[in-house]
There are 2 protein chains.
Amino acid sequence: MSAAPPRPHPVLAPLLELVGTWEGEGTGDYPTIASFRYRERVVFGQVGRPFLSYEQRTWHPENGTPMHAESGYLRVVPDTMPARIELVLAQPTGLVEVDEGELRDGVLDLVSTAVVATGTATPVDAVRRRLWVEGEVLHVALSMAAGGLPETQHLRSRLRRVTPAG
Amino acid sequence: MSAAPPRPHPVLAPLLELVGTWEGEGTGDYPTIASFRYRERVVFGQVGRPFLSYEQRTWHPENGTPMHAESGYLRVVPDTMPARIELVLAQPTGLVEVDEGELRDGVLDLVSTAVVATGTATPVDAVRRRLWVEGEVLHVALSMAAGGLPETQHLRSRLRRVTPAG
């Protein structure tokens, strides 16, 4: 229903470096579980509106079975410097998340203002996400407070750009 | 990274009719805005895990410019009859939504347990979503409480299946 990708909305200027598809590997740790590795793909898209779409999936690094997924949207608060950023997303584990923060010195640093679980999901108390691009590498770091534990490092991945910069 | 679509997870049996891509038209109404029409595409996907992915986009019916979007996941609570269903989703308007309900007599009837907005988003107090399939048509109805108004009919669309049943 849509033709060629439209020109990005001007408010997205601080985040344009993210647009595209990124793939790589990551590691997961948490005091309550065994450490694990994963393959990850992240896609940031734009359709000319003042937000980026965000889709993430992970797979087992050896057998390729699907592991995690999440999807949502990044918003830029107009006329803010450093740019204020909002992230809304959903996870098939039965969670939704609202994160807010800013892009400062090239690092997108977001902290949850709300993490809400469905009636049957395992709740999470808080999440902090940091993303930054170095050359053709997107770094992703996520720490989490859950199960009575304070904010603790949980996920760390390094992804390579697999589509041309947007 | 994944090959052919895997066999659906058994817990998804009550929702398999939804899997695929649906397209059609809808109308929007609310006491505070002018009525509008839209083209809509909805995709329900599965990757062998116990959830369906959900992606929705709408476009202006005449000029094709993107309007709304939302994405998230549908979960089935195992061993429930009628099937208890949970929906988590995010919207680029800066909202996340947790809906819960059940599939009864072919109608998926979900009511929000939480709608959370980012700091700059326009809040919504409550949402009710109903989806049902009649032959090759997916019916979508959404009512909403916002701006001090009680739950009021907001969106109504009829979508035709454009991919073979999953």
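The values are calculated or read from the model by the stated rules, or taken from the named source; none is laboratory data. The structure presented is a predicted model; accordingly, all values stated were derived computationally and were not measured. We place every Cβ from the backbone using ideal geometry, glycine too, and count neighbours over all the protein chains shown.
Does B:Leu89 count as surrounded by 21 or more Cβ atoms within 10 Å (Cβ to Cβ), touching a Pro at 6+ places or on another chain (Cβ under 9 Å) and of a type outside the set (Gly, Ala, Ser)? Can you show your working first?
On the way: surrounded by 21 or more Cβ atoms within 10 Å (Cβ to Cβ): yes; touching a Pro at 6+ places or on another chain (Cβ under 9 Å): no; of a type outside the set (Gly, Ala, Ser): yes.
Taking the combined requirement at face value, the residue does not satisfy it.
One residue alone among B:Gly64, B:Gly94 is within 23 Å of A:Arg7 (Cβ to Cβ), more than 16 Å from the chain's Cα centre (by Cα) and buried (at least 18 other Cβ atoms within 10 Å of the Cβ), and that residue is B:Gly94.
Being closer than 24 Å to B:Pro66 by Cα, out of contact with any Cys (no Cβ under 9 Å at 6 or more places or on another chain), surrounded by 18 or more Cβ atoms within 10 Å (Cβ to Cβ) and not hydroxyl-bearing (Ser, Thr, Tyr): is that true of B:Leu131 here? Lay out the reasoning, then the answer.
Details: closer than 24 Å to B:Pro66 by Cα: yes; out of contact with any Cys (no Cβ under 9 Å at 6 or more places or on another chain): yes; surrounded by 18 or more Cβ atoms within 10 Å (Cβ to Cβ): yes; not hydroxyl-bearing (Ser, Thr, Tyr): yes.
Taking the combined requirement at face value, the residue satisfies it.
For the stretch B:70-114, the tally of residues that are assigned to a strand (DSSP E or B) and either among the β-branched types (Val, Ile, Thr) or touching a helix residue (DSSP H, G or I) at 6+ places or on another chain (Cβ under 7 Å) (or both) stands at 11. For the stretch A:107-116, does any single residue satisfy the condition of being among the acidic types (Asp, Glu), modelled with pLDDT of 95 or more, within 12 Å of the chain's Cα centre (by Cα) and surrounded by fewer than 21 Cβ atoms within 10 Å (Cβ to Cβ)? Yes, the conditions are met somewhere in the stretch A:107-116.
Looking at the stretch A:42-69 only, could you name the residues that are free of Cβ contacts under 8 Å to residues at least 24 places away in the same chain, facing another protein chain (nearest Cβ under 9 Å) and either touching a Gly at 6+ places or on another chain (Cβ under 9 Å) or not in a strand (DSSP E or B) (or both)?
Listed by number, the residues that qualify are A:Ser53, A:Glu55, A:Thr65, A:Pro66.
Scanning the stretch B:37-53 for residues that are among the hydroxyl-bearing types (Ser, Thr, Tyr) and surrounded by fewer than 21 Cβ atoms within 10 Å (Cβ to Cβ) yields a single hit, B:Tyr38. Which members of the stretch B:117-128 meet the condition of being surrounded by fewer than 18 Cβ atoms within 10 Å (Cβ to Cβ) and of a type in the set (A, V, I, L, M, F, W, C)? B:Ala126, the sole residue that qualifies.
Kindly indicate whether B:Glu86 is acidic (Asp, Glu) and under 19 Å from B:Arg158 (Cβ atoms).
Working: acidic (Asp, Glu): yes; under 19 Å from B:Arg158 (Cβ atoms): no.
It is false that B:Glu86 is acidic (Asp, Glu) and under 19 Å from B:Arg158 (Cβ atoms).
The conditions of being surrounded by fewer than 16 Cβ atoms within 10 Å (Cβ to Cβ) and either away from chain B (no Cβ under 14 Å) or more than 12 Å from the chain's Cα centre (by Cα) (or both) are met by A:Leu149.
The residue of the stretch A:74-86 that is nearest to the other protein chains (Cβ to nearest Cβ), among those that are buried (at least 17 other Cβ atoms within 10 Å of the Cβ) and of a type in the set (D, E, K, R), is A:Glu86.
Please tell me if B:Ala121 is within 25 Å of A:Thr113 (Cβ to Cβ), in contact with a Leu (Cβ under 8 Å, 6 or more places away or on another chain) and without any contact (Cβ under 8 Å) to a residue 24 or more places away in the chain.
On the way: within 25 Å of A:Thr113 (Cβ to Cβ): yes; in contact with a Leu (Cβ under 8 Å, 6 or more places away or on another chain): yes; without any contact (Cβ under 8 Å) to a residue 24 or more places away in the chain: no.
So B:Ala121 fails the test.
Going by what's in this entry, would B:Pro10 be described as over 16 Å from the mean Cα position of the chain (by Cα), within 13 Å of chain A (Cβ to nearest Cβ) and more than 26 Å from B:Trp59 (Cα to Cα)?
Values: over 16 Å from the mean Cα position of the chain (by Cα): yes; within 13 Å of chain A (Cβ to nearest Cβ): no; more than 26 Å from B:Trp59 (Cα to Cα): yes.
The answer is no for B:Pro10.
Please verify whether the stretch A:153-160 includes one or more residues that are crowded, with 22+ Cβ neighbours inside 10 Å and within 10 Å of chain B (Cβ to nearest Cβ). No, every residue in the stretch A:153-160 fails to be crowded, with 22+ Cβ neighbours inside 10 Å and within 10 Å of chain B (Cβ to nearest Cβ).
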